[in-house]
Structures are given as C-alpha cells and as structure tokens.
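Peer 1: My questions will all concern the structure given below.
The values are calculated or read from the model by the stated rules, or taken from the named source; none is laboratory data. Since we're looking at a predicted model, the values are computed, not measured. Here Cβ is always computed from backbone atoms with ideal geometry, including for glycine, and neighbour counts include all displayed protein chains. What goes into the accessible areas is simple: the full protein's heavy atoms, side chains included, and nothing from ligands, DNA or RNA. Shrake-Rupley method; radii C 1.70, N 1.55, O 1.52, S 1.80 Å.
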Amino acid sequence: MSIDPNAVKRTAEKVLAEEFLSARSKILDLAATLDRLERASGSVENAAQMQLLSQGLKILCDDEFDKARRVQLLMSRQYDPDWQKTYGLH
Amino acid sequence: MDYIDPHIHMVSRTTDDYETLARMGCVAMSEPAFWAGFDRGSVESFRDYFRQLTEFEPKRAAQFGIRHFTWLCINAKEAENVSLSREVIAMIPMFLSAKNVLGIGEIGLNKNTKNESTIFLEHLELAVQYDQQILIHTPHLEDKFQGTRMILDMLMGDSRINRSRVLVDHVEEHTIEAVLENGFWAGMTLYPVTKCTPQRAADMIEKYGPERLMANSAGDWGPSKPTAIPDLIMELKRRGHSRELIRRVVYDNPRQFFSQSKNFDLAALPG
C-alpha cells in the first residue's frame, strides 16, 4: 500500500514533547510489573507469557521500524494457508 | 462534530448512554448481533433478541434523535453449536425486511475452529442469497491474525462476494493492511486493553489514509467506552488533522458504506 509521507502533521520533536510523559508512565508501569514478578513467590522465568514479554521488549529496543505491528505478530498464533484442507472444508 | 458509531451494542447500555452519545454528536449507530455473555439455549432466545434489535432499540435511540440500524446473525462464540446456529440462520430471513436491518453480522471467528468456519460459510451463503451487506467480527488477541487471514480466505474464495459491501471489524496493526489491500472496508475498535486505543487508531489513519477506514466503540456489557469515537476525534484534532479528514473517518465513510443497504436512511426516525 502506498503511504503518504505528509500524513503525520507533527514533527518528531513535537511528538516527543507531547508524548514523553505518557511514554515515561508506560515504561514505569512495565518496570513495576517486572519488579512485582520478582518480589512474588514462585518462578515464571520459563513461562511462555514471560518469554513473549521478553521478546516484545527486545522489539522495542531494536533499530527496526514498524514496532507495533511486529509486537502484534509476536503475540499471535501462526496462520496455516492450508487450514481449509485440514478442516476438510474444500 | 456529528459522527456515526458503526459498531455498538446498545442492548447492553443504559438510556443515559443514548443521551450522552447524542450530546457528544452521535447521530446514527449500527448494532450488530453478538454474544450476550452467556450461550443462549434455543432459537426462541434469538427471536426475542432480533425483535429487541429491530423494534425496541430504534425507538429508544429515536428519543434522542439517533438513528439506530442493526445486523443479524448468530455470533462466532455460539456458532460452535452447529444445530442451534442453523436454526437461527433459517429464522433470519423473516427479520430482513425490518426497516433498520443493514445486513448479516457480526459474523466471524472466535477460536478459529472448524465449526465456526462452517457456520461462517453458511452465513455468507445467506448474505449472498438475500443480497445483504456483511459485517465481520475478527477474533481477539492471539487469535486475531490467524482468524483474520482465515476469514479473508473464505471471503475471497467466493466470487459472489462484493468486497465493497463487506466491513471487516476490529482490525489492528497486523491485520489492517490485508483487509484494505484486498478491497474490503476496515473498522478499528476503540476498546480498552484488548483492542485499539484512540492513539493507535490515529496512527493507523496516518499510515494508511482514510479510504475505506472507519472507527467504532463496540460499546457493550464488558469493559468498554461508548464515547470512544469522540476520544478519537479529539486525538486527531490534537495532532493537527483537518476537519475534513476527521469527518471522513467518523461520518462520511460509515455513511457511504451503509448507503449500499436499501434500509439505510439517515433522515428517517421511527415514530
């Protein structure tokens, strides 16, 4: 799909200025969640959900674009193009 | 700003909500048939529900100058019960002549099972047979990507389906492109935690443009915000977007899409 480069009306500086506090708050929430897990009894180190969170955090920190879409795909079940055959719907 | 909420479940909301929505600019809404929070036990439950959607809700909305439209189906969660689903599908035609019915919906998948897929295909058959528009529910969370692709496979595998008469709802960052690229309409649901925030919806509007794109609140009996569309309007205004662009997403697009149904008349309010 063609993407209009002028569709974003704000400069990067303005986006950062307007959204810094909100992003700061979200990072703190995440940090506090991880602290809470650490303080709680038991271990989730090998839990599938924990692995997903860990991989999601890596996406946030890498140098590539399209982060929201990539996090969504990370958290998604795989699509099998032959699913109709598997279900006997053909 | 006047707006249309193309997907909201008003049977689950109070009359006070109608008043609030009217005060915030909502002039029309469409209410797809959905899951009640529990599985219904017989086709007669659906008969009563369809009467509520076609007789009672339009009058309740009209008290506040809001036009109420609806879509009929058995939803994906209850589609696991194939025999009940077939009874409901067989009953739907007797409601299609009601003045506020726009089409078949919200049909789709929930856990992407064989039974859900079978009933989805039977709903498509009904829509084709009665020349109805289609409104589609895509699954939640980890099931959304897989389920959306399965739904698109079924839609595109039927050459009788006119893609410009199909709205695929609850799109997010990983599903919107396939929906728009293949010629369908797409709806973004502004829903706390499990779907899309007004900010992320604004991002998708900036990324993909306003063509065939709309937004809805999907306000229902669960955690949801029926006034979510005004939140999106505010976010787009805050980012400096034009009144024309905002109006296109929240008013012109739903109006254009719904106008393909013979029952869509923004002027008519039930007496």
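Peer 1: Look at B:LEU167 and say whether it is more than 12 Å from every other protein chain (Cβ to nearest Cβ), touching a helix residue (DSSP H, G or I) at 6+ places or on another chain (Cβ under 9 Å) and either within 25 Å of B:ILE151 (Cβ to Cβ) or not aromatic (Phe, Trp, Tyr) (or both).
Peer 2: yes
Peer 1: Mind checking which pairs have a first residue in the stretch B:236-248 that is at the interface with chain A (Cβ under 9 Å from one of its Cβ atoms) and a second that is of a type in the set (Gly, Ala, Ser), Cβ under 7 Å, 6 or more apart or different chains?
Peer 2: Note: pairs meeting the criteria are B:ARG239/B:ALA202.
Peer 1: Quick check on the stretch B:57-71: of everything there that is open to solvent by 20 Å² or more (accessible area, probe 1.4 Å) and without any contact (Cβ under 8 Å) to a residue 60 or more places away in the chain, which residue is nearest to B:ILE4 (Cα to Cα)?
Peer 2: Looking at the filtered set, the residue picked out is B:PHE64.
Peer 1: A further question on this structure: From (1) within 14 Å of chain A (Cβ to nearest Cβ); (2) open to solvent by 20 Å² or more (accessible area, probe 1.4 Å); (3) over 16 Å from the mean Cα position of the chain (by Cα); (4) not hydrophobic (A, V, I, L, M, F, W, C), pick out the condition that doesn't hold for B:PRO223.
Peer 2: Condition (1) is where B:PRO223 drops out.
Peer 1: Given A:ARG10, A:ARG77, which one is open to solvent by 60 Å² or more (accessible area, probe 1.4 Å) and among the charged types (D, E, K, R)?
Peer 2: A:ARG77
Peer 1: With B:ILE74, B:ILE104 as the choices, which residue is open to solvent by less than 20 Å² (accessible area, probe 1.4 Å), free of Cβ contacts under 8 Å to residues at least 40 places away in the same chain, touching a helix residue (DSSP H, G or I) at 6+ places or on another chain (Cβ under 6 Å) and under 24 Å from B:ILE161 (Cβ atoms)?
Peer 2: Step by step, each of B:ILE74, B:ILE104 is checked, and only B:ILE104 is open to solvent by less than 20 Å² (accessible area, probe 1.4 Å), free of Cβ contacts under 8 Å to residues at least 40 places away in the same chain, touching a helix residue (DSSP H, G or I) at 6+ places or on another chain (Cβ under 6 Å) and under 24 Å from B:ILE161 (Cβ atoms).
Peer 1: Regarding the stretch A:23-46, can at least one residue be identified that is in contact with a Ser or Thr (Cβ under 9 Å, 6 or more places away or on another chain) and either open to solvent by less than 80 Å² (accessible area, probe 1.4 Å) or within 14 Å of another protein chain (Cβ to nearest Cβ) (or both)? So that I can check it myself, show each step before the final result.
Peer 2: In the first step, residues of the stretch A:23-46 are kept if they are in contact with a Ser or Thr (Cβ under 9 Å, 6 or more places away or on another chain); the result is none.
No, because not a single residue in the stretch A:23-46 is in contact with a Ser or Thr (Cβ under 9 Å, 6 or more places away or on another chain) and either open to solvent by less than 80 Å² (accessible area, probe 1.4 Å) or within 14 Å of another protein chain (Cβ to nearest Cβ) (or both).
Peer 1: Right, another one. Report every pair of residues separated by at least 6 positions or lying on different chains whose Cβ atoms are under 8 Å apart, first residue within the stretch A:29-46 and in the same structural domain as A:LEU57 (by TED's automatic domain parsing), second modelled with pLDDT under 95 and open to solvent by 100 Å² or more (accessible area, probe 1.4 Å).
Peer 2: Close Cβ pairs (under 8 Å, with a partner that is modelled with pLDDT under 95 and open to solvent by 100 Å² or more (accessible area, probe 1.4 Å)) do not exist here.
Peer 1: Let me ask you something else. Considering only the stretch A:58-89, how many residues are part of a helix (DSSP H, G or I), more than 8 Å from chain B (Cβ to nearest Cβ) and of a type outside the set (A, V, I, L, M)?
Peer 2: Matching residues across the stretch A:58-89 total 6.
Peer 1: If you check B:ARG212, B:ARG239, which single one turns out to be in contact with a Phe, Trp or Tyr (Cβ under 6 Å, 6 or more places away or on another chain), more than 23 Å from B:VAL11 (Cα to Cα) and surrounded by fewer than 22 Cβ atoms within 10 Å (Cβ to Cβ)?
Peer 2: B:ARG212
Peer 1: Regarding A:LEU52, is this residue under 19 Å from B:GLY147 (Cβ atoms) and either in a helix (DSSP H, G or I) or open to solvent by less than 80 Å² (accessible area, probe 1.4 Å) (or both)?
Peer 2: Criteria met by A:LEU52.
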